[in-house]
Amino acid sequence: MKSAKNIHRPETAPLRVALLVLDDSNMLPLAAAVDPMRAANRLAARRMFDWTYLTATARPARLTSGIEVPGTPIARAEPCDLLLVIAGFNLEAQATPALFASLRRIAATGATLGGIDGGATILASAGLLDGHRATPHWEDFESFAARFPAVTTLRDRFHVDGARMTSGGATPAIDMMLQLIAARGGAALATRVAGAFIYDAAPGPMRTQRRAAAHPGHSALTARASALMEDRLDAPLPMAEIARRLGISPRALQAQFRARLNCTPQAHYLALRLAEALRLVTETDRPLTDIALATGFASQASFARAFRAAHGQSARERRRAAR
């Protein structure tokens, strides 16, 4: 196997990028990968990136939006420096021996491999993330970590580990591409690219993925409190401890939540836990006892009461309805 070239360093020659677009991918992750490269070329007034589209077979990839993306079948792919795998849904159907063989062949040439959204799962299924650190989409974290024990699974927004790059979704993929642009063309260029999209880059790859979008009523303080809560759904923090970490009194914390979100911090915390419980009930096959523990309920009875009160059905009823 050929040694991988470090693509995260200043370079004048264009980086050859191949984008493997699989069926049932979302449009946003694809745009998040391509548009920063296009903008970098325009703003740098030179070709920093050349890219081509690949598909798993001879037919175009059909996105979830219905748009079709034509490309060269991956079995006939030309040499590249970076292969980005963009995947979304129905990953098991996409994960064919022929696809894995093509991915391994490209990896053997020394190309850097990247996975966006479900792309990390495809790479891991091919054994190409073994021994590496990687980040999947937050919805897939538990199943990914259990299925691929040879991969160090992270909750980072994106992660670069040598010749492997992974991103949990579309917005982190923009950050990942901006980091690549900064490494090759300088931080000023990356800032201009972000500015072209009126995009405020995240502070860094290690910022944890969040399960829910920020509530529009959040203040900076309640948003930080909510982030602390999300990080401890399985073992809820006392309100006094959250207030201490934020450097305020418990009474001030209560007042902030009532003023900004019209609820107590305890109610907000419970809503976060029950939202995660609903996701685990409807999207995984984990036993309900495990889900109760994973969302901070000490007993199955208390979990059952809270779940029914929040969602109008028992966990078993919601699971059956979702199948």
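Results, tabulated for the structure shown:
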| quantity | calculated |
| --- | --- |
| Conditions (1) in contact (Cβ under 8 Å) with a residue 12 or more places away in the chain; (2) over 20 Å from A32 (Cβ atoms); (3) touching a Ser or Thr at 6+ places or on another chain (Cβ under 6 Å); number of the one not met by A145 | (1) |
| A31 under 20 Å from A120 (Cα atoms), surrounded by fewer than 21 Cβ atoms within 10 Å (Cβ to Cβ) and touching a helix residue (DSSP H, G or I) at 6+ places or on another chain (Cβ under 9 Å) | yes |
| Wholly within segment 249-323, helices (runs of 4 or more DSSP H) carrying at least 1 residues that are polar (S, T, N, Q) and either closer than 22 Å to L237 by Cβ or modelled with pLDDT under 95 (or both) | 250-261, 265-283, 288-294, 300-311 |
| Counted residues, segment 229-240 - those being within 15 Å of T264 (Cα to Cα), assigned to a helix (DSSP H, G or I) and touching a Leu at 6+ places or on another chain (Cβ under 8 Å) | 2 |
| Some residue of segment 270-283 being loosely packed, with under 13 Cβ neighbours inside 10 Å and either more than 17 Å from M229 (Cα to Cα) or not aliphatic (A, V, I, L, M) (or both) | no |
| Check on T289, out of contact with any Pro (no Cβ under 7 Å at 6 or more places or on another chain), among the β-branched types (V, I, T) and closer than 30 Å to A145 by Cβ | yes |
| Selection status of A183, touching a Pro at 6+ places or on another chain (Cβ under 9 Å), closer than 28 Å to R279 by Cα and either of a type in the set (G, A, S) or outside the structural domain of T57 (by TED's automatic domain parsing) (or both) | no |
| Residues within segment 142-166 that are touching a His at 6+ places or on another chain (Cβ under 8 Å) and crowded, with 19+ Cβ neighbours inside 10 Å, tallied | 5 |
| Those helices (runs of 4 or more DSSP H) lying entirely in segment 80-176 with at least 2 residues assigned by TED's automatic domain parsing to the domain that holds A32 and under 24 Å from R279 (Cβ atoms) | 91-94, 119-125, 141-147 |
| Any chance L63 is touching a strand residue (DSSP E or B) at 6+ places or on another chain (Cβ under 9 Å), in contact (Cβ under 8 Å) with a residue 40 or more places away in the chain and closer than 17 Å to L123 by Cβ | no |
| Residue within segment 46-63 that is farther than 19 Å from S102 by Cβ and assigned to a helix (DSSP H, G or I) present | no |
| Filter result for G114 (crowded, with 21+ Cβ neighbours inside 10 Å and in contact (Cβ under 8 Å) with a residue 60 or more places away in the chain) | yes |
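The values are calculated or read from the model by the stated rules, or taken from the named source; none is laboratory data. Everything numeric here is computed off the predicted structure, so don't read it as measured data. Positions of Cβ are generated from backbone atoms using ideal geometry, with glycine treated the same way; all protein chains shown enter the neighbour counts.
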